[in-house]
Amino acid sequence: MLQLTPQTIRIVNIYDDGTNAKHFTFEPKGFVHDKPIGIGQFFMLTLPGAGLAPFTYTSLPDENGRFNALIRKVGRLTENLFSLKEGDVLGYNGPLGNGWPVEQFEDKKVLIVAGGCGLAPVATTIDYLINNNRGESVTLLYGARDLGSQVLTKERARWQTKITLCETLEEGADNAHSGLPTQHLLQTIKEYGGLPSIVLTCGPEVMMKAVAKTCIDSGLQSSDVWMSVERRMRCGVGLCGHCYVANSYACKQGPAYRYDDYLSLNNKMVSTQQHQGAFQYC
Amino acid sequence: MLNHSYLLKDLDILKQHLAKFYSMVQIEKDANGEERWTDQSDPDTVGLFGHKHLPSTSPKGFLFAEKEALYKFDGETFESITPQVVPKVLFGVQACDLTAIAYQDKFFKQDPYYQKRRENILLVGIDCESPCTNGFCAEVKAGPHVNDNTADLVVSRLTVNGSNQLAEWLVIAETEKGQNSIKGLPLDKAHKAHFILRNRLLDKMRSEFADYSYINNAIEYLNDNAVPQHLWEEMSVRCLSCSGCTNLCPTCSCYSTYEIAEKQPDNVISETKAVKTETLRVWDSCLFEGFQREASGHNPAQQAAQRVERFWFHKFSDEYLTEFQRYGCVGCGRCEQTCPGTIGVHSVMKRINQECCS
């Protein structure tokens, strides 16, 4: 049977990490992680009295089971979360969903394109590759609205010397770094060693589609591109129905989809094919 | 099956027997004259048996509760809230609704709340005797006679227009649970002849359905992705997001959650500092504008056309056949009956058929 009732976690650390964004460290209370957590998986947080929503791990559990999450205040639930203090307790269900295809990274050259808070779901991937001495094969193109909106400040500082890191800003950057990450994609590929073997992207859905299209136009297969989609969720285990992508649920088959799978899912519905949402960082 | 088949003169004998062990749930008229599945029904009340009456509600809520508490928080830890159940008999469930329950049994296979209710329910199915107003169960293989392995007991009336002198009702125990439920009832065994008669009545009834071939034609068009975008847009203009279709649909299963908190002392301001809270779930609808809207405002199903198309995709896409071995639509026709914008199943499938045929 599925377990909908959360386990208890305690907030052990909070610090500001970008405009309206905070970095939380959680610690299990009265339980140990009984399943290994895959990079790119997610968990559900229950805020008693406020609701539940999915969040991503920005670090995998340490020896004390502590793990991190980068969270931006965008709605009622996160507003409530931001009012909590160290020591407060919350509900936790995880790990959930399918993460990034680590087994396919092997010796491949990896390009990661992230927008806004979309950097959070790729953070564990970058650390994984660095820890496996693969940092040199990684290029990260990270786009944000402005300097203040950038998240994972400490992580980016740590990654800076180990991977190739390119950052773009919609506002407040010099010409070489101004605009959307998609506008810099081709240039980044050209400058940093040519076409990658695998692309991971996370950010606004429109951005991810544009990234995939550019990469495919440049010669990659659609099966070389992976994306992590965001969806509203009310259970995380394939019951509540909210996170559908055609006949799949992002909480079970996703949130990481191979782009050709995502395309064929979207192509099953005429209206979804037609509809292009707006580009909006979260 | 023959080994577990019996004859019964009066259905009331069976009902009174089951009422000794189970709380009775049957179709009754409410104060407004609406026919509904009614809990804790007095077994002496004559139920509106399903062979004549498809009630406006399905019995879905007795398994997948319209609203229920999932867990509670006492300020320190979370604790599951297990549904309080008593054994119930759903007496006289039509083939379409039974097929829907079998469908939800698969969907909620791992849901502890659903399963807790499910294992305490005895399903007594009833063979329909004539097509109902909007029903097209035969077209989607959900009826009109009760499908195998969808009920614990099946009752089928054998005397129609005085054509049979053998017995009034055939009773088939399809499961061990069903067999146990009639222990102690003195019943004669049924014979092959009774099954032959049952089949003959089924054939006769099948021939009485209107021509619903447009349904299966439209299913093909849907699966060929041949329905043009403009048709989804035209139809979606008529969707008022009232959730009538999803509430009445016996296979719809989407839910949302919400929290209730004990009143806090005046000096505590934060909502999250509530001493005790409960998390509940409640039926939701994919036709609501905000069903997929994220906190950022991004909505993958922003257009009404997407939401309307999604609903019909979920009911008729071949993509679900592997998981459920059938379509999500069981042909009850309740959405047609209730939709204020006339985009229930018949209206939609007719329009798709017309548009794609021409």
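If only residues of segment A:152-206 that are modelled with pLDDT of 95 or more and of a type in the set (A, V, I, L, M) are counted, the one that is nearest to A:Ala114 (Cα to Cα) is A:Leu200. Only residues that are under 15 Å from A:Cys117 (Cα atoms) and among the aliphatic types (A, V, I, L, M) were counted across segment A:54-93, and they come to 4. Counted as qualifying within segment A:1-96 are the strands (runs of 3 or more DSSP E) with 1 or more residues that are in contact with a Phe, Trp or Tyr (Cβ under 9 Å, 6 or more places away or on another chain), aliphatic (A, V, I, L, M) and more than 10 Å from chain B (Cβ to nearest Cβ), namely A:7-16, A:42-47, A:67-72, A:89-96.
Among the criteria (1) β-branched (Val, Ile, Thr); (2) within 14 Å of chain A (Cβ to nearest Cβ); (3) over 30 Å from A:Pro48 (Cβ atoms), the one B:Thr99 does not fulfil is (2). Close Cβ contacts (under 6 Å, 6 or more residues apart or on different chains) running from residues in segment A:19-45 that are within 19 Å of A:Lys154 (Cα to Cα) to residues that are buried (at least 22 other Cβ atoms within 10 Å of the Cβ) and basic (Lys, Arg) comprise A:Asn20/A:Arg72; A:Ala21/A:Arg72. Only residues that are facing chain A (nearest Cβ under 10 Å) and in contact (Cβ under 8 Å) with a residue 60 or more places away in the chain were counted in segment B:315-329, giving 3. Figure legend. Inter-residue proximity from segment B:111-139: first residues within 29 Å of B:Leu8 (Cα to Cα), second residues polar (S, T, N, Q), beta-carbon distance below 6 Å, spacing 6+ or different chains. Indicated pairs: B:Leu122/B:Ser181; B:Asp127/B:Ser156; B:Cys128/B:Gln94. So, in segment B:118-130, of the ones that are over 16 Å from the mean Cα position of the chain (by Cα) and modelled with pLDDT of 95 or more, which residue ends up nearest to B:Ser23 (Cα to Cα)? Checking each candidate, the answer is B:Asn120.
I'd like the full set of residues that are more than 7 Å from chain B (Cβ to nearest Cβ) and touching a residue at least 12 places away in the same chain (Cβ under 8 Å), limited to segment A:247-260. Across segment A:247-260, the qualifying residues are A:Ser248, A:Ala250, A:Cys251, A:Lys252, A:Gln253, A:Gly254, A:Pro255, A:Ala256, A:Tyr257, A:Arg258, A:Tyr259, A:Asp260.
Being under 22 Å from A:Thr5 (Cα atoms) and not in a loop (DSSP other than H, G, I, E, B), is that true of even one residue in segment B:131-141?
no
Exactly one residue among A:Val211, A:Val199 is crowded, with 19+ Cβ neighbours inside 10 Å and either assigned by TED's automatic domain parsing to the domain that holds A:Ile39 or assigned to a strand (DSSP E or B) (or both), and that residue is A:Val199.
Screening the candidates B:Lys109, B:Lys60 for the property of being surrounded by fewer than 20 Cβ atoms within 10 Å (Cβ to Cβ) and under 24 Å from B:Leu153 (Cβ atoms) yields one hit, B:Lys109. If you go through segment A:219-246 and pick out every residue that is hydrophobic (A, V, I, L, M, F, W, C) and within 11 Å of another protein chain (Cβ to nearest Cβ), you end up with 9.
Flag: B:Val171 does not match the condition of being modelled with pLDDT of 95 or more and closer than 30 Å to B:Asn353 by Cβ. Within segment B:319-334, the set of residues being surrounded by 13 or more Cβ atoms within 10 Å (Cβ to Cβ) and either closer than 19 Å to B:Phe136 by Cα or hydrophobic (A, V, I, L, M, F, W, C) (or both) comprises B:Phe324, B:Arg326, B:Tyr327, B:Gly328, B:Cys329, B:Val330, B:Gly331, B:Cys332, B:Gly333, B:Arg334.
Once segment A:27-65 is narrowed to residues that are closer than 16 Å to A:Asn80 by Cα and over 15 Å from the mean Cα position of the chain (by Cα), the residue that is surrounded by the fewest Cβ atoms within 10 Å (Cβ to Cβ) is A:Gly51.
Working only within segment A:266-282, note down all residues that are in a helix (DSSP H, G or I) and at the interface with another protein chain (Cβ under 9 Å from one of its Cβ atoms).
Restricting attention to segment A:266-282, the residues satisfying the condition of being in a helix (DSSP H, G or I) are A:266, A:270-274.
A:Val270, A:Ser271, A:Thr272, A:Gln273, A:Gln274, listed by residue number.
Condition first: at pLDDT below 95, more than 7 Å from every other protein chain (Cβ to nearest Cβ) and either under 16 Å from B:Trp232 (Cα atoms) or in a loop (DSSP other than H, G, I, E, B) (or both). Can you find one or more residues in segment B:332-352 that meet it? No, there is no match, as no residue in segment B:332-352 is at pLDDT below 95, more than 7 Å from every other protein chain (Cβ to nearest Cβ) and either under 16 Å from B:Trp232 (Cα atoms) or in a loop (DSSP other than H, G, I, E, B) (or both). In this structure, does A:Lys109 turn out to be surrounded by fewer than 22 Cβ atoms within 10 Å (Cβ to Cβ), not assigned by TED's automatic domain parsing to the domain that holds A:Tyr15 and not hydrophobic (A, V, I, L, M, F, W, C)? Yes: the conditions hold for A:Lys109. In a residue-by-residue description of segment A:14-26, the property of being farther than 23 Å from A:Pro255 by Cα and buried (at least 19 other Cβ atoms within 10 Å of the Cβ) applies to at least one position. Once segment B:288-298 is narrowed to residues that are closer than 18 Å to A:Gly75 by Cα and surrounded by fewer than 18 Cβ atoms within 10 Å (Cβ to Cβ), the residue that is farthest from the other protein chains (Cβ to nearest Cβ) is B:Glu289.
The values are calculated or read from the model by the stated rules, or taken from the named source; none is laboratory data. Please read all numbers here as calculations on a predicted model, not as lab measurements. In this analysis, Cβ positions are derived from the backbone assuming ideal geometry, glycine residues included, and neighbour counts consider all displayed protein chains.
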